[in-house]
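What follows is a set of notes on a single structure, which appears directly below.
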Amino acid sequence: LGGDQGWVFIPDSDDFSMGATDFTIECWIYCIDSGTRRFFWGVGNSGGANAAVAYSFEYTTDQKIQFFGYTTDATSYIMKTTATIEENTWNHIAAVRYNDHLTVYINGVDGGDASSTGGGISGKTFINSSNKMSIGTLGEYVSEGHQGYITDLRITKGKAVYTSAFTPPTSPLSALSK
């Protein structure tokens, strides 16, 4: 997926509901314009209310990665990395929930936790949104859509693919068994 107006919408599915299980959401992104807030993946719509968004991934104006999740107890969980992404090069991004801990990796390294809101995710269940999954934007937030390219988006439900620092894959991602 690429360019400045490329996005894909996938209808709602329980496959995108992570609940309280381990999971890995990963992809390669190439950012042309990372000086602006840009969504590159999400499950939700542009209704503006937190409950309208189950999850989202974005890069922020300071080139950091931010993961957002909304839980069944009406808590917004936001984690922003301390590490930054590089513009005009491929970056591997992975959000991993493992044993009730969330880590965002940038190029195989823990991106750090500059700021988390909503407390920890221990015992938390992410909502099952009835909204579509969006690649390249978040819902109808197309004005804040990704500027660049996305490849090898993989969502692994029920398994933490990475539990410590790793070398990002260099060949196309494939399906994994639990």
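Can you go through T21, T61, T36 and tell me which one is modelled with pLDDT under 75, open to solvent by 50 Å² or more (accessible area, probe 1.4 Å) and closer than 27 Å to G108 by Cβ? Quick ask: steps written out before the conclusion?
Numbers: T21 fails: modelled with pLDDT under 75; T61 fails: modelled with pLDDT under 75.
Exactly one residue qualifies, and that residue is T36.
Look through segment 57-70, keep the residues that are within 15 Å of the chain's Cα centre (by Cα) and of a type in the set (S, T, N, Q), and return whichever of them is nearest to D100 (Cα to Cα).
If we filter segment 57-70 for residues that are within 15 Å of the chain's Cα centre (by Cα), which is where we start, we get 57-60, 63-70.
Restricting the remaining residues to those that are of a type in the set (S, T, N, Q) gives 60, 63, 66.
Values: T60: 25, Q63: 26, Q66: 18 Å.
Only one residue tops the list, namely Q66.
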Pairing a residue in segment 15-34 that is more than 14 Å from S56 (Cβ to Cβ) and in contact (Cβ under 8 Å) with a residue 24 or more places away in the chain with any residue that is of a type in the set (F, W, Y) and open to solvent by less than 20 Å² (accessible area, probe 1.4 Å), where Cβ atoms lie under 6 Å and the two sit 6 or more apart in sequence or on different chains, gives S34/Y59
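Does T89 fit the bill of being among the hydroxyl-bearing types (S, T, Y), at pLDDT 85 or above and surrounded by fewer than 13 Cβ atoms within 10 Å (Cβ to Cβ)? Full working, then the answer.
Numbers: among the hydroxyl-bearing types (S, T, Y): yes; at pLDDT 85 or above: yes; surrounded by fewer than 13 Cβ atoms within 10 Å (Cβ to Cβ): yes.
Yes: the conditions hold for T89.
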How many residues of segment 64-78 are assigned to a strand (DSSP E or B), at pLDDT below 85 and more than 15 Å from G44 (Cβ to Cβ)? The answer is 0
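Does segment 75-116 hold any residues that are on the phi > 0 side of the Ramachandran plot and not charged (D, E, K, R), and which are they? Even if it seems obvious, please write down each step before you answer.
Applying the first criterion (on the phi > 0 side of the Ramachandran plot) to segment 75-116 yields 88, 99-100, 107-108, 112.
Once the filter is applied, which keeps residues that are on the phi > 0 side of the Ramachandran plot and not charged (D, E, K, R), segment 75-116 yields N88, N99, N107, G108, G112.
Can you pull out the residues in segment 64-77 that are open to solvent by 10 Å² or more (accessible area, probe 1.4 Å) and within 17 Å of S17 (Cα to Cα)?
Step one: list which residues in segment 64-77 are open to solvent by 10 Å² or more (accessible area, probe 1.4 Å), which gives 64, 66, 68, 70, 72-77.
Those that are open to solvent by 10 Å² or more (accessible area, probe 1.4 Å) and within 17 Å of S17 (Cα to Cα): F68, Y70, T72, D73, A74, T75, S76, Y77.
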Those residues of segment 106-158 that are modelled with pLDDT of 85 or more and in a strand (DSSP E or B) come to a total of 12
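The values are calculated or read from the model by the stated rules, or taken from the named source; none is laboratory data. For clarity, every value in this text was computed on a predicted model and none was experimentally measured. Quick reminder, even Gly has a Cβ in these numbers, built from the backbone with ideal geometry, and neighbours come from all protein chains shown. Areas reflect the complete protein model, heavy atoms only, side chains present, ligands, DNA and RNA absent. Shrake-Rupley method; radii C 1.70, N 1.55, O 1.52, S 1.80 Å.
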